[in-house]
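Q: Here it is: the structure, laid out below.
The values are calculated or read from the model by the stated rules, or taken from the named source; none is laboratory data. All of these numbers come straight from a predicted model, not from anything done at the bench. All Cβ positions, even for glycine, are placed from backbone atoms using ideal geometry, and neighbour counts span all protein chains on display. Ligands, DNA and RNA are excluded from the accessible area calculation, which covers all protein heavy atoms including side chains. Shrake-Rupley method; radii C 1.70, N 1.55, O 1.52, S 1.80 Å.
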Amino acid sequence: MERVQLADTNLMVHPLHLGGNPFGWGADRDQSFAVLDAYAEAGGNFIDTADAYSVWVDGNSGGESETIIGEWMASRGNRDDMVIATKVGMHPKHKGLDPANIRDCIDASLRRLGTDHVDVYYAHADDEDVDQVAVAETFDALVRSGKVSYLGASNFTLNRLQSAMKISAKYSLACYRVVQDRYNLVARSAVDPQKQAYLRSNGIAELPFHSLASGFLTGKHTGGDATGSVRGERVADLLENQEALRALEILDDVASAHNSTMTATTLAWQLSHDFIPSTIASARVPEQLTELLAGTELQLADDEITALNEAWVEA
């Protein structure tokens, strides 16, 4: 699959944005290295992580994913070939967007990643307790210092994104070039038509997470196999939602028409959106990459995209 330009940056990225969330808990170091190797061998170059991954696991302190990615790049000597995105603001011990916290966290992330810069640095979540001008000035200073190439905003409402962008323009500061939101076939409210129009008009790229709705859109749970984990509980709720199940049936029909999988088809649907150049999905083992990568090659017909667009459900 050909790489695509990331918004108006000089970054060319693979349409599959590999999520680093499992590295350090769902996948140990060796398994993570195997996934990263397979992704790179397939032409992948865009990796997403955060300083908070995976602080929620007993025995972990956060930053495990960054550390594994950094060690992998060092062992393979391929830092210059990779586009690395990480985030600040959701680690429970380093929460929020206070300027001092941002400065401390970027240095810690760079140490774990074993690099002198990250290609995209996100505000992992908005922080209404900190003045947006101070946040914008702090991020701008990181860009000017060379520690960060481009900025991103994750989990921002449209109003707060607009406000931040106006501040950047007013004071000639580096602005957000990409955003991340929870967006998939059965969860679309975070990127409603109004926000889509704003992203288009301002040349901002959406890089959605939860692309497979915690596994629901793979179809593997339709037999009722949802675990007791937080992720399993989300799937269980969807399995009781008739609209969500109907959307899954339509997805299955489209996938069958292409002799493909629901996993690949849902990613292809996301990538049919003109404001989504790359979508985030993760893998615990290399074999899971096959279906994910297939989604970047699958071309859906206009009527199939329409059918999936109309399979609207918010769950």
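Q: Being assigned to a loop (DSSP other than H, G, I, E, B), surrounded by 17 or more Cβ atoms within 10 Å (Cβ to Cβ) and among the polar types (S, T, N, Q) is the filter here, so list the residues in segment 276-314 that pass it.
A: Scanning segment 276-314 gives Ser278, Ser282.
Q: Pairs, please: C-beta under 6 Å, at least 6 apart or cross-chain, first residue at pLDDT below 95 and in segment 302-315, second open to solvent by 60 Å² or more (accessible area, probe 1.4 Å)?
A: Val313/Glu243; Glu314/Ser189
Conditions (1) touching a Lys or Arg at 6+ places or on another chain (Cβ under 7 Å); (2) in contact (Cβ under 8 Å) with a residue 40 or more places away in the chain; (3) within 17 Å of Val83 (Cα to Cα); (4) crowded, with 17+ Cβ neighbours inside 10 Å, marked per residue:
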{"site": "Asp129", "(1), (2), (3), (4)": "no, no, no, no"}
{"site": "Val133", "(1), (2), (3), (4)": "no, no, no, no"}
{"site": "Asp140", "(1), (2), (3), (4)": "no, no, no, yes"}
{"site": "Arg160", "(1), (2), (3), (4)": "no, no, no, no"}
{"site": "Ser163", "(1), (2), (3), (4)": "no, no, no, no"}
{"site": "Val178", "(1), (2), (3), (4)": "no, yes, yes, yes"}
{"site": "Ala187", "(1), (2), (3), (4)": "no, yes, no, yes"}
{"site": "Pro193", "(1), (2), (3), (4)": "no, no, no, no"}
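Q: Can you tell me how many residues in segment 152-177 are in a loop (DSSP other than H, G, I, E, B) and out of contact with any His (no Cβ under 9 Å at 6 or more places or on another chain)?
A: 7
Q: Can you name the helices (runs of 4 or more DSSP H) wholly within segment 1-116 that have at least 2 residues being open to solvent by 10 Å² or more (accessible area, probe 1.4 Å) and under 29 Å from Ala164 (Cα atoms)?
A: Where helices (runs of 4 or more DSSP H) fall fully within segment 1-116 and carry at least 2 residues being open to solvent by 10 Å² or more (accessible area, probe 1.4 Å) and under 29 Å from Ala164 (Cα atoms), they are 99-113.
Q: Which count do you get for residues in segment 31-83 that are of a type in the set (Phe, Trp, Tyr) and either within 21 Å of Gly152 (Cα to Cα) or at pLDDT below 95 (or both)?
A: Adding up the residues that qualify gives 2.
Q: Condition check: closer than 21 Å to Leu6 by Cβ and outside any helix (DSSP H, G or I). Does Asp129 satisfy that?
A: no
Q: Among the candidates Asp252, Asp237, Asp225, single out the residue that is open to solvent by 50 Å² or more (accessible area, probe 1.4 Å) and modelled with pLDDT of 95 or more.
A: Asp252
Q: Among the numbered criteria (1) at pLDDT 95 or above; (2) of a type outside the set (Phe, Trp, Tyr); (3) over 23 Å from Asn155 (Cβ atoms), which single criterion is violated by Met1?
A: (1)
Q: Specify the residue that is farthest from Ile47 (Cα to Cα); the eligible residues are those in segment 195-209 that are free of Cβ contacts under 8 Å to residues at least 40 places away in the same chain and not aliphatic (A, V, I, L, M).
A: Ser201
Q: Same structure again: Just give me the residues in segment 57-91 being over 19 Å from the mean Cα position of the chain (by Cα) and within 20 Å of Ala27 (Cα to Cα), in sequence order.
A: The answer is Val57, Asp58, Gly59, Asn60, Ser61, Glu71, Trp72, Met73, Ala74, Ser75, Arg76.
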